[in-house]
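Chemist: There's a structure below that I have some questions on.
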Amino acid sequence: SPIKKVTLKEGECVRVSSSGAPDAKRKLLDAPTLTVPGADRTVWNRPQPQLAWQPLAGAIRYTIELSRNREFTDLLYSAKVEQASWTVPQDLPDGAYFWRVRAVDSEQFVGMYGTRAFSLGTDHVPPALELTLKGAWEERR
């Protein structure tokens with residue numbers, strides 16, 4: 001049987017049967033919109049930050065990755081979750097981090113990545129303490 005050529009654009013996919021026949025092209029799920037923490041924000045005093053994104057219609061689960069670099073070659077975590085959020089399971093040291101999420105649909109096609117950076121920081125300055133003392137300084141005669 002002749003080989004059928006299929007040209008895919010970015011964001012498209014096709015399933016090929018065991019006989020080599022391709023199904024119709026279809027669109028992959030879009031990249032999730034990442035919401036928390038905000039883009040390039042510093043998360044203070046939370047060494048186990050929660051990462052969250054907008055749920056995508058058609059997604060049955062998400063793959064999330066957390067890395068120390070934007071190329072994701074220094075991967076710290078990779079997790080599969082069904083909800084649109086994930087909390088880092090162990091304390092992380094202060095510094096810069098990169099995270100990305102992609103959705104998986106019911107046919108196991110993996111969508112496009114949404115990627116974002118954030119930093120962790122620890123505030124070592126104690127909070128200001130303000131006292132009001134009533135009657136403590138009354139003049140004694």
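Chemist: Given the residues ARG102, ARG46, which is the only one that is out of contact with any Ser or Thr (no Cβ under 9 Å at 6 or more places or on another chain) and of a type in the set (Lys, Arg)?
Modeler: Checking each option against the conditions leaves just ARG46.
Chemist: For the subset of the stretch 40-59 comprising residues that are closer than 14 Å to VAL104 by Cβ and surrounded by 13 or more Cβ atoms within 10 Å (Cβ to Cβ), which member is nearest to the chain's Cα centre (by Cα)?
Modeler: My answer is TRP53.
Chemist: Here is a follow-up. How many of the residues in the stretch 80-123 are farther than 24 Å from LEU29 by Cβ and in contact (Cβ under 8 Å) with a residue 60 or more places away in the chain?
Modeler: 5
Chemist: Among the residues of the stretch 100-135 satisfying the criterion of being open to solvent by 30 Å² or more (accessible area, probe 1.4 Å) and part of a strand (DSSP E or B), which is farthest from PRO49 (Cα to Cα)?
Modeler: Ranking the qualifying residues of the stretch 100-135, first place goes to VAL110.
Chemist: Could you give every pair whose Cβ atoms fall below 8 Å, whose first residue belongs to the stretch 23-39 and is in a strand (DSSP E or B), and whose second residue is open to solvent by 70 Å² or more (accessible area, probe 1.4 Å), counting only separations of at least 6 or pairs across chains?
Modeler: LEU34/THR115; THR35/GLN54; VAL36/GLN50
Residues are listed down the side, and each one gets a yes or a no for (1) modelled with pLDDT of 90 or more; (2) out of contact with any Phe, Trp or Tyr (no Cβ under 6 Å at 6 or more places or on another chain):
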| residue | (1), (2) |
| --- | --- |
| ILE3 | no, yes |
| GLU10 | yes, yes |
| LYS27 | yes, yes |
| PRO37 | yes, no |
| ASP40 | yes, yes |
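For (1) outside any loop (DSSP other than H, G, I, E, B); (2) polar (S, T, N, Q), each residue gets a yes or a no:
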{"position": "VAL43", "(1), (2)": "yes, no"}
{"position": "ALA52", "(1), (2)": "yes, no"}
{"position": "ALA57", "(1), (2)": "no, no"}
{"position": "GLU71", "(1), (2)": "no, no"}
{"position": "SER78", "(1), (2)": "yes, yes"}
{"position": "PHE98", "(1), (2)": "yes, no"}
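Chemist: Same structure, new question: Only residues in the stretch 1-13 that are assigned to a loop (DSSP other than H, G, I, E, B) count as the first member; pair them with residues that are β-branched (Val, Ile, Thr), Cβ under 6 angstrom, at least 6 apart or cross-chain, and list the lot.
Modeler: Matching pairs, first to second residue: VAL6/VAL14.
The values are calculated or read from the model by the stated rules, or taken from the named source; none is laboratory data. None of the values given here were measured: they were computed from a predicted structure. Glycine also receives a Cβ, built like all others from the backbone with ideal geometry; neighbour counts cover every protein chain displayed. Side chains are part of the model used for accessible areas, which takes the heavy atoms of the whole protein and leaves out ligands, DNA and RNA. Shrake-Rupley method; radii C 1.70, N 1.55, O 1.52, S 1.80 Å.
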